[in-house]
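Have a look at the structure below, then the notes.
Read-outs throughout are calculated quantities, based only on the coordinates presented, and are distinct from any laboratory measurement. These numbers were taken from a predicted model, which means no experiment stands behind them. Positions of Cβ are generated from backbone atoms using ideal geometry, with glycine treated the same way; all protein chains shown enter the neighbour counts.
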Amino acid sequence: MAHLLIDGKWSDEVALGRIEQGRFVRKESQFRNWVTGNGAPGPSGRGGFVAAPGRYHLYISHACPWAHRTMIMRALKGLEGMIDVSVVHWLMRENGWTFAPGEGVIPDPLGESRFIYEIYQRADADYSGRTTVPVLWDKETKTIVNNESSEIIRMFNSAFDGAGALEGDYYPMELRGEIDALNDRIYNALNNGVYRCGFATTQAAYDEAARELFATLDMLEDRLSRQRYLCGIQLTEADIRLLPTLLRFDAVYVGHFKCNKKRIVDYPNLWNYTRDLVQRPAINRTFHIDHVRKHYYGSHLHINPHGIVPCGPGIDFTLPHDRERFAT
Ligand SMILES: N[C@@H](CCC(=O)N[C@@H](CS)C(=O)NCC(=O)O)C(=O)O
């Protein structure tokens, strides 16, 4: 399980969230400032964080689905040359996320941190809380701008548009109501729903989470039988938030989190949709299935005490897909 900083000190206390009546309840992120085109404050937090190439640094894990969405938006918006990235080791044990050497690890170029918790200590010497990824760091004021992935992707979508980002609006005005409603349901039932299944400590809590999860997959399967993307003809933020969970589902959530009523490969539309998206070069280069498999099975020792990583299943994300049958 994950450890915590308490008053700036690394502690053995453990909390990815809390358990209430057997139910897993995720804790909220704490740094909530926004990068904006002109440095004005965003929907929360204070201003002063102007979008400028080279000013911000992103700390991520390739295993983490929340970090994954920020990497997808960064790639789709052409921000790879403007916002550098550090990648942690896949194994998260008693020191939280680390920069231990390993395949695909990119060390911290700024503070030469060994652990992600040091980034939080540097931002706030008295910080208490989880030390999660993703983290968006401001090199100029030397602090964390934001550690909430849903907000980081929102700012990446438009803040850098005047600074050379690629065209494309993944949260267009006319679809916001629909995107927000989908995000809500997909967050509770899927993105966080898989964790609610995997970390439940009572049968009733597990049953409730599993029921919501598969009802939501059924709903999405139906929706995607009629249109290419969740909101119709256009790829949106809702798709970007769904995809990381779909990409991890059969490899990890089916076994490790007991989400095994059906697999994604058993849903023809969801499975074709997953391949349609992951085969795009910008998205493909953000997906590292080895980090995913080794992280979950190796790190959550409370549900997999020996940390054994299973040998399968083999999943072929390169198979052709049939999604071009829809108009775009
Ligand atoms: N609400 C956060 C959640 C991020 C999160 O939970 N990240 C996990 C990895 S998948 C983490 O860093 N856990 C470490 C910990 O809790 O100590 C977001 O969406 O950015």
Inter-label distance, nm, simple model (7 Å from Cα along the C-beta direction), Ile6/Ile289:
4.1
Select from Asp266, Asp218, Asp250 the residue whose mean-square fluctuation is largest in a Gaussian network model of the chain (Cα-Cα springs shorter than 10 Å).
Asp266
Which whole number in µm²/s is D for the chain by Stokes-Einstein, with the Kirkwood Rh taken over Cα pairs at 37 °C and 0.692 mPa s?
162
Kirkwood-Stokes translational diffusion coefficient of the range 3-163, alpha-carbon pairs, 4 °C, 1.567 mPa s, µm²/s:
81
Taking loop as defined by DSSP and a crowding limit of 16 other beta carbons within 10 Å, which trypsin sites (Lys or Arg not before Pro) in the range 85-168 fit?
Arg114, Lys139, Lys142
Projected-area average for the range 140-240 over all orientations - Cα convex hull basis, square nanometres
8.9
Distance (nanometres) between label positions extended 7 Å along Cα→Cβ at Asn260 and Glu28
3.7
Computed lengthening from Phe326 to Ile303, 0.36 nm per intervening residue step minus Cα-Cα distance
4.1 nm
Mean Cβ count within 10 Å, highest first, over the residues of peptides 80-86, 30-36:
30-36, 80-86
Suppose each label sits 7 Å from its Cα in the direction of the beta carbon; what would the Glu13-Ala204 distance come out to in nanometres?
2.8
Residue separation times 0.36 nm, minus the C-alpha to C-alpha distance between Arg114 and Leu166: what's the value?
15.4 nm
Reported to two decimal places, what Rg/Rh ratio describes the range 199-311 when computed on Cα atoms with Rh from the Kirkwood expression?
0.99
Cβ-Cβ cut-off under 11 Å around His68, Lys and Arg +1, Asp and Glu -1: the net charge is +4
Do any GluC sites (Glu not before Pro) in the range 2-43 lie in a DSSP loop with no more than 14 other beta carbon atoms within 10 Å, and if so, which?
Glu28
